[in-house]
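The values are calculated or read from the model by the stated rules, or taken from the named source; none is laboratory data. Note that the coordinates shown come from a computational prediction; the quantities given were computed from them, not determined experimentally. Cβ coordinates were reconstructed from backbone atoms using ideal geometry, including for glycine residues, and neighbour counts include every protein chain displayed. Heads up: the accessible areas ignore ligands, DNA and RNA and are worked out on the full protein's heavy atoms, side chains in. Shrake-Rupley method; radii C 1.70, N 1.55, O 1.52, S 1.80 Å.
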Amino acid sequence: MPVTLVVGGQWGDEGKAKIIDYLARDIDYVVRFQGGANAGHTVVADGERFAFHLVPSGILYPDVTCVLGGGMVIDPMALISEIDDIVGRGINVKNRILISSQAHVVLPHHFVIDSGSESRMGDNAIGTTGKGISPAYADKVRRVGIRMGDFVRKSEDFESLLRRALRERNGELRAMGLKSVSPKAVVADMLVARKRLLSMITDTRPILWDAADAGRRILCEGAQGALLDIDHGTYPYVTSSSATAGGAAIGTGLPPSAFDRIVGIFKAYCTRVGNGPFPTECFDLDGDRLRELGNEYGTTTGRPRRCGWFDAVAARTVVRLNGITDIALTKLDVLDTFDKVKVCTAYKVGRRTIDCFPADSGTLEDVKPQYETFEGWKHASNGGDVATVTGRSLDYVRALERLVGCRIHLLSLGPERSAMVKFPRRGGASAFNA
């Protein structure tokens, strides 16, 4: 089965959308397998900036079918708004967006719970995007959620189901001291959403099975990054779904054996949005420079990202955890002007040295990163020209390969779609056949 999986290798915001956009040129289906509108994927094509939140970025290619998988939680009104924006910018989406009937629905009470929970936690808040993601997944696990497949019911049956669910959720809101939502307004909005989205909702599993059996090319994308995975990330400062490779099989319905290539996306440094441990975070001018040169502000929230040096301990753990076969390294050009560039190669915990990312946040809070320092290359990395990755910049990339234990096959050297190069193997031959 010719299925490629793209996963974020850090705390999200690694530039996945650009890599997906690059790979999607020769793809038939792009499938999003988890998360919701808390994701922000940005692509710059022909000087125009596109920000995607629910729709896979493969929508920019006219022959690609985009699938919102069953592992997602979908805000119907946000999805409609996003589709309208895409269409308004001249992109034809007719018969090109499929929504899994298994995906769960984000409703207004989820937003109320999300913001209420963050307010109550004060200094211990997770730092969510406020998009209702965690409460929607909680309802899914409690088996009280509304699924996109429920939109396919008869209108009166759907309305009855929705009113009953809202009655129960409003009782819970009042018990938590939170403001209840208006069933009349929610039902009105969801009936509008039902009319707009009904033709897109289907059981996407057999469509993907048949496509894979027929040799059609499928690309699966996740939101966030592996270090925010609900099980393997910096719990509790994580997202509410499985952002690692294991979540792709669950969120798409494709079997694990289907994935023949797993591409990990890493920045040439690290960033994080929200709260939680971040061993290599820079609190000095280097952190500020990384933020400004890299334009490190959230696509969804606009929040400034926390910035720090590349963490090879975390990266090699993520490579093992996901079975990553290829690495795409983004934003190498952001480091062009630095005098010194650091890479964390190990952690110190007391007298111990560890080279595996800890499984608990408590230990991670106490680690002291051990750095290897590289001389800056002080020359411009030129968009689409791999020949500009030479001398010290080449040494840096090769060092990351060595420290992480996986070959780097793609380099992104700027925000434009054209600023992407295949990185050669040692000896000169390209190792990436995209």
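Relative contact order of the chain: what whole-number percent is it, with Cα pairs under 8 angstrom and at least 6 residues apart? The normalised contact order for the chain reaches 20 percent. Taking Cα atoms only, the orientation of helix 183-197 departs from the longest principal axis of the chain by about 70 degrees.
For the residues Ile354, Ile230, Ile59, a GNM of the chain with alpha-carbon springs under 10 Å puts the largest fluctuation on Ile354. Accessible surface for Ser160 stands near 60 Å², nearest 10, in the context of the full protein assembly shown (1.4 Å probe).
Computed over the alpha-carbon atoms, the stretch 231-274 gives an Rg to Rh ratio of 1.02, Rh here being the Kirkwood radius from the mean inverse distance.
Surface listing: Asp336, Asp13 arranged by accessible area from highest to lowest gives Asp13, Asp336, probe 1.4 Å. Computed per residue of the chain from DSSP H runs no shorter than four, each worth -39500 (n - 2.57), the mean residue ellipticity at 222 nm is -10000 deg cm²/dmol. In straight-distance terms, cross-link reach from Lys154 covers every one of the lysines whose alpha-carbon lies under 21 Å from its own, apart from those fewer than eight places away in the same chain; here that gives Lys184, Lys195. Residues whose amide H comes within less than 5 Å of that of Trp309, counting only those at least five positions distant or on another chain, are Cys270, Cys282 (H built at 1.01 Å from N in the peptide plane). Can you tell me the orientation of helix 155-175 relative to the chain, as the angle in degrees between its alpha-carbon axis and the longest Cα principal axis, to the nearest 10? Helix 155-175 sits at roughly 70 degrees to that axis. Taken about its Cα centre, the stretch 181-269 carries a charge dipole of about 400 debye when Lys and Arg each add +1 at the Cβ and Asp and Glu each add -1 at the Cβ. Between the helical axis of 133-142 and the longest alpha-carbon principal axis of the chain there is an angle of about 60 degrees.
When the chain is treated as a Gaussian network with alpha carbon springs shorter than 10 Å, the biggest mean-square fluctuation among Asp203, Asp286, Asp46 belongs to Asp46. The magnitude of the dipole of the stretch 52-97, with charges of +1 and -1 set on the Cβ of Lys/Arg and Asp/Glu and taken from the Cα centre, is near 140 debye. Between Ser182 and Phe283, the FRET efficiency from the beta-carbon distance, with R0 = 41 Å, is close to 0.35. On a 23 Å Cα-Cα criterion, which of the cross-link pairs Lys94/Lys140; Lys18/Lys348; Lys18/Lys267; Lys18/Lys340 come out too long? Correct reply: Lys94/Lys140; Lys18/Lys348; Lys18/Lys340. In the stretch 265-328, taking the dipole from charged Cβ atoms about the Cα centre, the farthest positive-side position among Leu285, Pro304, Thr325 is held by Thr325. May I ask for the distance between the Cα centers of the stretch 116-181 and the stretch 365-400, given as a whole number of Å? The distance from the Cα centre of the stretch 116-181 to that of the stretch 365-400 comes to 46 Å. Among Val389, Val343, Val192, the residue with the largest mean-square fluctuation in a Gaussian network model of the chain, with springs joining Cα atoms closer than 10 Å, is Val192.
Beta bridges per DSSP, both residues in the chain: antiparallel share near 40 percent. Computed over the chain, the P(r) tail beyond 29 angstrom holds 46 percent of alpha carbon pairs.
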